[in-house]
1. Residues of region A:243-263 with backbone nitrogen within less than 16 Å of a virtual label 7 Å along the Cα-to-Cβ line of residue A:292, please, listed as ranges.
2. Can you tell me the dipole magnitude for region A:593-654 around its Cα centre, using point charges on the Cβ only (Lys, Arg +1; Asp, Glu -1), in Debye to the nearest 20?
3. Using a 7 Å offset from the Cα along the Cα-to-Cβ direction at both residue A:236 and residue A:350, what is the distance between the two label points in nm, to one decimal?
4. Just flag the GluC sites (Glu not before Pro) in region B:101-152 sitting in loop per DSSP whose Cβ has no more than 12 other Cβ atoms within 10 Å.
5. Check each residue of region B:118-146 and keep those whose accessible area, probe 1.4 Å, is at least 30 Å² smaller with all protein chains in place than in the chain alone; give them in order of residue number.
6. Please list the non-local residues whose amide H lies under 5 Å from the amide H of residue A:250, H modeled 1.01 Å from N, same-chain partners needing a gap of 5 or more.
7. Over region A:337-462, what is the relative contact order in whole percent, taking alpha-carbon pairs under 8 Å and six or more residues apart?
8. What does the buried accessible surface come to for A and B, summed over both chains, with the probe at 1.4 Å? Round to 100 Å².
Amino acid sequence: MNKRMKKAVQESFRFPETKHKNEFLMQAEVISAQEMQRKKRYPVVFRLSAAAAACGMAVGLWAHLDNRSKLSENDFRDEPAIVTTTVGNGENQPVTTAIGNGETASATTVNVSAVTTVRTAAAKTTTVTSGQALTALGARSRSTTASRSDHSSVTTNTGSNSAAEYTITNEEKTYYMKHLGAFTSAFVMGGNAIPMASAAEYKLPYTRMYSGESDVFADIEANFEIVDINDDGFFNMRDCYDLFCYSNYYEVSDTVAKKCRKYGVSKIDDEENDTPSWLSYTEFIRYFLIKEGAKPEFFSNESQPYRETVNGTYAPFASDMFVSAVFSESDHLMAGYPLISAAYRNNRIDLDVNADGLFDINDYIDYFVCTTNLSKSKQDSGEFIPWERPETTVQRCNELRSEAEAITHDNWLENYFVWCLLEYTPFRTEYAEASYYNSIIPEPYSKYYSPERYFEEYCETTGIEEYLFTFNTQKFNSCFDEYCKDVAAGRRSAPDINLDGVIDRKDYEASDIYFGDILNGRNASQSDLPSRVWNNITSNCDFNNNGTSGDVYDIMITQMYVLIKTGESNSNSGGSYNYDSNMGALWDMNTSRSGDVNGDGEVDMADAVLIMQYLANPDKYQLTDSAMYNADVEGDCDGLNLNDASTIQRRLLDL
Amino acid sequence: MSVDIKDQYDKIFRYCYYKIHDRDKAEDLTQETFLRFLESSHYHDMGKELHYLYTIAGNLCADAYHRKKTEELSEDMSDGKDYEDFILTNVALGNAIKKLTAEEQEIILLRYVNEVPIGVLSELYGVSRFKMSRMIKQILTRLKKDFKGSEG
């Protein structure tokens, strides 16, 4: 079909426009994400076990196939399947096959001077029967070779008074097929299980540690012999419980008591003690909540054995007291989210508060509005005008609140709601913007509600804001300056992010690749970087000490440091890292391409970041024509590339 | 092959609209098609998403068509006889297409408007790829002949 005809056919059809496409696509995106999330729920252990079992089976079969030389007497791999034995007078008797059931078949002449003997599963069978012909040899030729039936039977008319029946078992003939089939099945099963496991990763999005608490945790990990209070070889929640019982005058085993006395564990009434700060049940509990996340068994008093107080006075059961302590620390750490997430997955709570069949941003808005209305109704709210929600929605919100509080014993459900939304539905940047909610909450009421604040909080604490929203030049200046001073004083290590032992251009390039991966939503397995480099960036490269390793500040610090390090030979600045003082150099340049990409009137790191964002994801980070013009500072109008960002960085460093 | 819902939404809508000639109902059926598709995740890994989508849409349209036949006609409901005139804008080619059978028209729509691959079409109609190619070729030859005849 020529193109004109095809175009004419296409243009001949005219269809009306759809009305609700965009609304539906938004909801479909949510459903699709939830479906993906549902797939992740298979336990990692199960998947890995399935993969390991399947691979083991495959390897076993393969080894078995190689080593087993002969199965039984029925295995005739080294012999012909059909053995002929001469019978009769040894004369050859030409035979023409008959045609059975009126079907046509090619007439075949066979020499039946011999009787065919075929090995079966039980014994060798030789059958020569007399009688009339039944089936022609050629009429069902497939039955002798490819049939799945256990036995193939062929009877030939000898043309005289006898017929020879050939019985051939196919069991042994499919020896290789069956084993290779099983091997292939196991291999495919194993292959399918492995990627499922990698998709099941979960990470607690937020913790609230005390300053310096990471040092306490490091001490705990460095003193494993001591923190294993009950000497069972494991450091787990039972050690917390034993330490709790000892500190609160509950019965403990002799081993525990002896060890606690040895290391001077204080009891609650002790006024003075020299116990190290890390040797306390509170820190142990916090350690497990942060390192392992909130697990249901931590909060179950059935997990803890019965203990009484040693002084005989009446006191609540130790397990109840201990669980209360765990809930208390969980409340402080906002660590109850895994419980809420698990409850949602197990249908113990229903986050679809508006009952439209879909858990999405509208449920969060309804819950937020209902909660705000409730809290305002309990206080003098002044000119507050509530946006009334349907009675059923309010009721469902109240039920959800009480159910969640019963699970986590805290009041962080608004936060958990947002985290759940972000875990089970796609993240949209507009969720953190007030304008998005102004279009949903009607005009007279919108000013009284700020549902975006929990999203802002989430973005701020998890570093998402730094990836997606803003780059603060002043903040960068300050942290870069501090970092360089620390490195010079030997307090911190240089940004060798690719772990090759030297600070060079490769670190710069690795940071570029990582930055592009982050902006495009790629993970470690999808990145071009080796996984150990990726993991190093995400876990050990928090150069600005904001709690997030591998954010945009860490990337920029790496790049600027590498430029300083590699550009020292060209610079007489004496290793100066305070590029703010060198800003004048840029303005003295005789060029119309200023490098001011974001149009704020200044050339700074934010412009370099914007170029890198544009190059990594041009659909998301779009530049105007003038910004593109100003950004192309390197080369002869050859378009934007990473050298332009690098050139701006070099100019800022006066390199 | 993974289906991009954004791309396929309009195509499935056209298919539904072509089948039942009612915009609102066609959009409802389109959305119902995608909801059913998304809920049945086990089909996603089979590499036949497009086939599955069109099968769901076709079945839903058939159900809607049967239901529609049993409903009473309302006053503002069009009789549906001239829907091709509405859909087909090119008069000469439209006349040629109208001479095709319903199945042939549907194949043309799917192949050249919705750009459904031959492989998927052959599975939808339960014929081999070669037969589907021959069918399309025959339809086009007839279409071309009629088109030139009406122009001349």
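The values are calculated or read from the model by the stated rules, or taken from the named source; none is laboratory data. Just so we're clear, the structure is a prediction, and the values are computed from it rather than from any experiment. Here the Cβ is made from the backbone with ideal geometry for all residues, glycine too, and neighbour counts use every protein chain on show. Remember, those area values only see protein heavy atoms, side chains included, never the ligands or the DNA or RNA. Shrake-Rupley method; radii C 1.70, N 1.55, O 1.52, S 1.80 Å.
1. A:243-244
2. Values: 4 positive and 13 negative charges, 30 e Å.
Computed charge dipole of region A:593-654: roughly 140 debye.
3. Between residue A:236 and residue A:350, the label points sit 3.7 nm apart.
4. For GluC sites (Glu not before Pro) across region B:101-152 that sit outside H, G, I, E and B with at most 12 neighbouring Cβ atoms in 10 Å, the list reads B:115.
5. For region B:118-146, once contacts with the other chains are taken into account, B:140, B:144 lose 30 Å² or more.
6. Hits under the 5 Å cutoff: A:310.
7. Taking the mean separation of contacting Cα pairs over the length of region A:337-462, I get 28 percent.
8. 2900
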